[in-house]
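Novice: Attaching a single structure in structure tokens format; questions to follow.
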Amino acid sequence: MPSAPASCADAHSWFDVREVGQDIHMINEPGHAACYLIIGTRAALLFDSGLGIASISAVVRMLTNLPLLVVSSHHHIDHRGGNADLAAHIAVRDFCAHPAAADGGSGCAHDEADREFLRAYARAMTGVVAEFGRFAELDARYFFTLARVAHPRPLPDLTGWAVGVTPVTRTLADGEIIDLGGRHLEVLHTPGHAPDALCLFERRSGTLLSGDTVLSAAHWLHGPGADPAGFAASTRRLVNLPITRILAAHNIVCELPGHAAGEVARAAAALLEGTTTVTSGYDMLGHPVTRHECGPVTLLTPPSI
């Protein structure tokens, strides 16, 4: 069994765990990343594993003892940071991803995370959490929007934080059906935010596990491998599905109505048509971007677009 990375925070104080559907559990790092455990009669599936700051395996073992599949929505470290912890503590049946992540194609390999990026994330999120504290004080006085929302976790000491290599052992093809026993998840390849981006769709319940493809937060289309035209095609495809709700990977609000997919698709189309409201700005890490606003949706592209 591989050695486990050192945890930086206690799992039970770091994660906010709640049931968001029949045998669907959100394992949330509030303000950071949300993962989802879907439990069938024969197996369970964990969609993303978060940042790796606390031991997600401790939460998974508390919720199920069934054989486990781990599916990465894409290769970014905030979606696979807990894979090494899972490999060390649970007999994971397979670590699954799009084929591009398995062979390293399109820069999507599940490599060790760059330490400077981890430090940059820690610096940025320390500021975000502080700003949220100011917002929460105003909200408690005037607006009352946060009463049922998990507040972002302050960052612990992250000097020992690392995201190592956990090889992909199974690739997932577009249209493939994952049978967990009593429930079936359809694999959708949705490139745009990243070349290897995947969503999972359960037709029976109309639930879309969207990763970073549909968010209530700003959609990042300015990183390596991002493709606004591909993103428009991917989100346009989602509009044709009978989606009733969306479980997303980020921001304070992670549960969205099904029509949010159409809102994102319209914004992506407007981006290509040049009809968004455009301003200059910065992403969370301080990188310059162009902000495109269309209805409730924000898209971030490189400054030149």
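Novice: Going through segment 231-245 one residue at a time, which ones are without any contact (Cβ under 8 Å) to a residue 40 or more places away in the chain, closer than 15 Å to R266 by Cβ and β-branched (V, I, T)?
Specialist: Scanning segment 231-245 gives a single hit, V239.
Novice: Separate question: Filter segment 253-264 down to residues that are out of contact with any strand residue (DSSP E or B) (no Cβ under 7 Å at 6 or more places or on another chain) and part of a loop (DSSP other than H, G, I, E, B) and give me whichever is modelled with the lowest pLDDT.
Specialist: So, considering only residues that are out of contact with any strand residue (DSSP E or B) (no Cβ under 7 Å at 6 or more places or on another chain) and part of a loop (DSSP other than H, G, I, E, B), the one modelled with the lowest pLDDT is V253.
Novice: Let me ask something else about it. Would a scan of segment 86-97 turn up a residue that is touching a residue at least 60 places away in the same chain (Cβ under 8 Å) and over 20 Å from the mean Cα position of the chain (by Cα)?
Specialist: Yes.
Novice: Got a number for residues in segment 265-282 being surrounded by fewer than 17 Cβ atoms within 10 Å (Cβ to Cβ) and assigned to a loop (DSSP other than H, G, I, E, B)?
Specialist: The qualifying residues number 2.
Novice: Here is a follow-up. Search segment 237-252 for residues being among the β-branched types (V, I, T) and not in a strand (DSSP E or B), and hand back the single one that is surrounded by the most Cβ atoms within 10 Å (Cβ to Cβ).
Specialist: Within segment 237-252, the match that is surrounded by the most Cβ atoms within 10 Å (Cβ to Cβ) is I243.
Novice: Among the residues of segment 136-155, write down those that are at pLDDT 95 or above, surrounded by 15 or more Cβ atoms within 10 Å (Cβ to Cβ) and either under 22 Å from A122 (Cα atoms) or of a type in the set (F, W, Y) (or both).
Specialist: A136
Novice: Under 8 Å between Cβ atoms, which residue pairs at least 6 apart in sequence (or on different chains) link something in segment 31-51 that is in contact (Cβ under 8 Å) with a residue 40 or more places away in the chain and more than 17 Å from G21 (Cβ to Cβ) with a partner that is part of a loop (DSSP other than H, G, I, E, B) and basic (K, R)?
Specialist: Close Cβ pairs satisfying both conditions: G31/R153; H32/R153.
The values are calculated or read from the model by the stated rules, or taken from the named source; none is laboratory data. Small disclaimer: the values here were computed from a predicted structure and weren't measured. Every residue, glycine among them, receives a Cβ derived from its backbone with ideal geometry; neighbour counts consider all protein chains shown.
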